Amino acid sequence: MSEFVDGRMLIGGELVQSRTANWLESVNPANEEVIGRVPAAGPEDVHAAVDAALGAFDAWAGLSMAERAQYLRGYAQRLREEGKRILDIEVRDTGNTIAKLRHDVASAVRGIEYFAGLGTELKGETIPASADALHYSVRQPYGVVGRIVPFNHPILFAAKFGAPLMAGNCVVIKPSEQSPLSATVLAEIVRETLPPGVVNIVTGDGAGAGVPLVSHPLVKRISFIGSVPTGMAIQRLAADVAVKHVSLELGGKNPMIVFADADPDVVAANAVNGMNFGWMGQSCGSMSRILLPDSLYDAVLDRIVAKAEAIVQGDPGKEETGAGPMNSKAQYDKALRYIQAGIEDGARLVAGGGRPEGPEFARGYWLRPTVFADVTRDMRIFREEIFGPVMSLVRYPDGDIDEVLRLANDVEYGLTASIWTNDLRLAMRAAREVRAGYVWVNGVSRHFLGTGFGGFKNSGTGREECFDEMLSYTETKTVHVHV
Ligand code: NAD
């Protein structure tokens, strides 16, 4: 029996409860048991965290790149060492499988080490603007950065603050109120490895903690990962308070564009992997729309159905489990509403659609991997992000390249896309014309550190996981020296 997690926030190097004296409970989505709680932060906590970050800023920004890098490497090392403890909490708190979550801890560590090595690349320029002066630019940190992150990769998103820190900023992080428990372990690690106030963590919901952070006049840089409606609300809120730099990593309704020369076995395997059923579809880059030419449609459909039905659900803490429950009742209810919408709109349910069978699934937010065939562009399950284990198969006439690209682009989102063909000309054309920020040709899902991840259209602004991310935490100052 794992122990109850009694969470704390981190403000100015101290592990604290909320000044509101309120708590948020967290349940294990596999069985709905309460497994821990975190402080429900209010505006006073957020203001204290911003004050602590402001207080730490001058000293942190005054360190050399080598000193900051050394701190970050020490932090990354402790994160790696605490991986097992984090995973134990995270599996129970999210319902994601241990095999999948292990990558999250590893990739947070890799991201921090990557940025730790890039500090001295934050170069300015000398500009030959006149003959009698020295014109140069330097990159300086904003000061305090507010980072607001979603529920689906809690530790990964909360822990990967290498870019703002290396650029010399201090941060206030607000994890999601869904699955917030690993933030407590993170708080302990940060407290042990970084100077007080450089990183502060406030737990709480959007209204209690997110809104005061966005609307704090001294937090000029907000980096947000989450849904489109919240991203838009944050832009509005920020604009009412001050001029801010807001970066947004938002949702997706990502197309897999399959051309007629593709192998149905390979396409089906990658469609199912790319849909991230192992995360119950709760990963932003998931391939939720599979666009298939008539000639491949039936063959791919049969194979996808077989693979989706073969996914073994169960205890997410076991290595062999293929998928766990959904993260929360809200997500579960939303997915069920969309399954109903798919049926009402005339799509053909060919796999899943309900709870798995068996007494172990009687409680909790369990849903079978679900596949709809004959989905068309007017349907809600084609157009809207479900963020659940629901895949849509869409048919287009063989050879009609314009039509498949229109289908791919006919949504408000533009996060990722996956293109399947060995015809280089087709691949290059589709890669050019698809309106998405992260495109795989003959691949899905994988992120490559150093390459920019982020969305076109309503999927966001700004890029992460690359050098540009670090630049985005600086502002340029130009200096003219008249000798
Ligand atoms: P969400 O937008 O509901 O919440 C995200 C965070 O914002 C939470 O911490 C929440 O408390 C906070 N929040 C809510 N209202 C707020 C407000 N008014 N002001 C300030 N903060 C507020 O998103 P979610 O349900 O947690 O996550 C799922 C969404 O995130 C999906 O749309 C998914 O596609 C997206 N996502 C995008 C990426 C990416 O890299 N593009 C990655 C992961 C998830």
Requested in this report: State whether the residues of the range 228-246 include one that is within 10 Å of the ligand (Cβ to nearest atom) and part of a strand (DSSP E or B).
Outcome: no
Query raised in the report: Is it fair to say Arg102 is assigned to a helix (DSSP H, G or I), closer than 28 Å to Gly55 by Cβ and assigned by TED's automatic domain parsing to the domain that holds Arg37?
Result: no
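Does Ala308 count as touching a residue at least 60 places away in the same chain (Cβ under 8 Å), surrounded by fewer than 16 Cβ atoms within 10 Å (Cβ to Cβ), part of a helix (DSSP H, G or I) and of a type in the set (A, V, I, L, M, F, W, C)? Give the derivation first.
Numbers: touching a residue at least 60 places away in the same chain (Cβ under 8 Å): yes; surrounded by fewer than 16 Cβ atoms within 10 Å (Cβ to Cβ): no; part of a helix (DSSP H, G or I): yes; of a type in the set (A, V, I, L, M, F, W, C): yes.
No.
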Report task. Look through Ala66, Ala21, Ala52 and report the one residue that is outside the structural domain of Arg355 (by TED's automatic domain parsing) and surrounded by 23 or more Cβ atoms within 10 Å (Cβ to Cβ). Result -> Ala52
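Hey, does the range 273-283 have a residue that's part of a loop (DSSP other than H, G, I, E, B), within 16 Å of the ligand (Cβ to nearest atom), on the phi < 0 side of the Ramachandran plot and out of contact with any Ser or Thr (no Cβ under 6 Å at 6 or more places or on another chain)?
Residues of the range 273-283 that are part of a loop (DSSP other than H, G, I, E, B), as a first pass: 275-276, 280-283.
With the extra rule that they be within 16 Å of the ligand (Cβ to nearest atom), the set shrinks to 275-276, 280-283.
Checking which are on the phi < 0 side of the Ramachandran plot leaves us with 275, 282-283.
When the remaining residues are screened for being out of contact with any Ser or Thr (no Cβ under 6 Å at 6 or more places or on another chain), the result is 282-283.
Looking through the range 273-283, at least one residue is part of a loop (DSSP other than H, G, I, E, B), within 16 Å of the ligand (Cβ to nearest atom), on the phi < 0 side of the Ramachandran plot and out of contact with any Ser or Thr (no Cβ under 6 Å at 6 or more places or on another chain).
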Query raised in the report: Which fully enclosed helices (runs of 4 or more DSSP H) of the range 110-223 have 3 or more residues being within 14 Å of the ligand (Cβ to nearest atom), closer than 17 Å to Leu248 by Cα and not hydroxyl-bearing (Ser, Thr, Tyr)?
Result: 154-159, 211-214
Query - Scan of the range 455-468 for residues that are assigned to a loop (DSSP other than H, G, I, E, B) and on the phi > 0 side of the Ramachandran plot, ordered by number - result: Gly462, Glu465
**Report entry** Pairs where the first residue, in the range 173-186, is in contact (Cβ under 8 Å) with a residue 24 or more places away in the chain and the second is part of a helix (DSSP H, G or I) and near the ligand (Cβ under 6 Å from one of its atoms), C-beta under 8 Å, 6+ apart
**Finding:** Lys174/Gly210; Glu177/Gly206
Report task. Mind listing just one residue for me: the one in the range 438-483 that is within 25 Å of Asn273 (Cβ to Cβ) and small (Gly, Ala, Ser) and, of those, farthest from the ligand (Cβ to nearest atom)? Result -> Gly443
Report task. Identify the residue in the range 105-126 that is of a type in the set (A, V, I, L, M, F, W, C) and touching a residue at least 60 places away in the same chain (Cβ under 8 Å) and, among all such residues, is surrounded by the most Cβ atoms within 10 Å (Cβ to Cβ). Result -> Phe115
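Residue by residue, here is whether (1) in a loop (DSSP other than H, G, I, E, B); (2) modelled with pLDDT of 95 or more; (3) surrounded by fewer than 18 Cβ atoms within 10 Å (Cβ to Cβ) holds:
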position	(1), (2), (3)
Leu407	no, yes, no
Ala417	no, yes, no
Ala431	no, yes, yes
Ser445	yes, yes, yes
Leu449	yes, yes, yes
Met470	no, yes, no
Thr476	no, yes, yes
His480	no, yes, yes
Requested in this report: Only one of these is in contact with a helix residue (DSSP H, G or I) (Cβ under 8 Å, 6 or more places away or on another chain) and at positive phi: Gly12, Gly42, Gly83. Name it.
Outcome: Gly12
Query raised in the report: Can you name every residue in the range 339-364 that is surrounded by fewer than 17 Cβ atoms within 10 Å (Cβ to Cβ) and within 14 Å of Asn31 (Cβ to Cβ)?
Result: Gly358, Pro359, Glu360, Ala362, Arg363
Query raised in the report: Under the condition of being within 20 Å of the chain's Cα centre (by Cα) and β-branched (Val, Ile, Thr), which residue from the range 178-213 is surrounded by the fewest Cβ atoms within 10 Å (Cβ to Cβ)?
Result: Val211
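I'd like the full set of residues that are more than 16 Å from Phe151 (Cβ to Cβ), in contact with a Pro (Cβ under 7 Å, 6 or more places away or on another chain) and part of a loop (DSSP other than H, G, I, E, B), limited to the range 313-363. Before you say what the answer is, go through the steps one by one.
Residues of the range 313-363 more than 16 Å from Phe151 (Cβ to Cβ): 313-315, 317-323, 336-363.
Then keep just the ones that are in contact with a Pro (Cβ under 7 Å, 6 or more places away or on another chain); that gives 313, 323, 351-352.
The answer is Gly352, and nothing else.
The values are calculated or read from the model by the stated rules, or taken from the named source; none is laboratory data. Given the structure is predicted, the values throughout are model-derived calculations rather than measurements. Counting neighbours? That spans all protein chains shown, and the Cβs are built from the backbone with ideal geometry, glycine included.
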